[in-house]
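Everything below concerns the one structure shown next.
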Amino acid sequence: MSKELTRRALLASAALGVAGTAAAQDAATKEADKVLVVGVSCSPRKGMTTATAMAAALEAAKGVDPRITTELIDLGGMKILGSDGNSSAQAVRETDDDFIKVLPLLDSPNLCAMIIGSPSYYRSMSSLCKAFLEKLAVFREPTMRLADMPIGALSVASNRNGGQELVIEQILMAMLSYGAVIVGGKGKGPLGATLWNAFDNDITRDELGMESARNLGIRVAEAALKYKG
Ligand SMILES: Cc1cc2nc3c(=O)[nH]c(=O)nc-3n(C[C@H](O)[C@H](O)[C@H](O)COP(=O)(O)O)c2cc1C
């Protein structure tokens, strides 16, 4: 190979290298730009009304801006234990239950907002939801990771006035302990998303409720973009 050919080959590969680095940087920037909104369904019944309503909220959130990405965590079927009295982050990490399965997603640097949903159980959040909220203590150390993060809430009940708003209030109050910024819905559902399981578990037939879920998703997504800055 002549000296000139070698030089050209070197230059070409160097150019490729620069382009490759630029592409990698571009991909990294795009990844860092993502605004992740996670919806957590806290019904023991996987894929049922709470999870379906949450999926609708997340779908609406995604439509707000191309940077928004969403993930649904369905705790249905998972074993999540409440606090044993030790609220240290280490104790939460070491508990032998399924929280460890969902922790990596919640730990994402792109996490900018959460929607937490629970069925109404005797006008209260489900025990699964309470256990999950207690697990979030893992984000209190070494710094208050959830501080200023927008959080919205959703609840489904089988009665029209079955405790949905009470459940939303309980979730949002608990999240204040983590320094979160609580976010409501829009229009007729200012507290959050309230759904009525009146159609044999087909929650999509509760049009008003589904609208409140979508409105909550939009509101939380808008707040997530502000949080990201
Ligand atoms: C233990 C238990 C308690 C419940 N308590 C209430 C209640 O207080 N008010 C109500 O309207 N529905 C109540 N329900 C009904 C659920 O809130 C309703 O079926 C909800 O849609 C279940 O959510 P899922 O489909 O995501 O599991 C209760 C259900 C169970 C299993």
Top of 134, 165, 94 by mean-square fluctuation, Gaussian network on the chain, Cα under 10 Å: 94
Alpha-carbon centroids, the range 117-162 and the range 57-83: separation in whole Å: 13 Å
Antiparallel DSSP beta bridges within the chain, as percent of all bridges there, nearest 5: 5 percent
Restraint check, 186/228; 34/228; 34/186; 34/226, Cα-Cα greater than 18 Å: 186/228; 34/186
Value of Rg/Rh across the range 16-88 [Cα atoms, Kirkwood radius]: 1.21
Computed over the range 34-228: relative contact order in percent, which uses C-alpha pairs under 8 Å that are six or more apart: 27 percent
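Assuming a viscosity of 0.890 mPa s and a temperature of 25 °C, what translational diffusion coefficient in µm² per second does Stokes-Einstein assign to the range 30-71, Rh being the Kirkwood radius over Cα pairs?
223 µm²/s
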Dipole in debye (nearest 20) - the range 34-228, about Cα centre, beta carbon charges: Lys, Arg +1; Asp, Glu -1: 340 debye
Helix 207-228 axis, angle to the chain major axis (alpha carbon atoms, nearest 10°): 40 degrees
With 5 Å bins from 0: P(r) over the range 159-229, alpha-carbon pairs, percent: 3, 17, 21, 25, 18, 9, 5, 2, 0
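Which value at 222 nm does the chain reach when only helices count, each DSSP H run of 4 or more adding -39,500 (n - 2.57), with the total divided by all residues and rounded to the nearest 500 deg cm²/dmol?
Mean residue ellipticity, 222 nm, calculated: -14500 deg cm²/dmol.
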Translational diffusion of the chain, µm² s⁻¹ [Kirkwood Rh, Cα pairs; Stokes-Einstein; 4 °C; 1.567 mPa s]: 69 µm²/s
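Since every read-out is calculated from the coordinates, none of them should be taken as a lab result. Source: prediction; values computed, not measured. With ideal geometry, Cβ positions are generated from the backbone for all residues, glycine too; neighbour counts draw on all protein chains shown.
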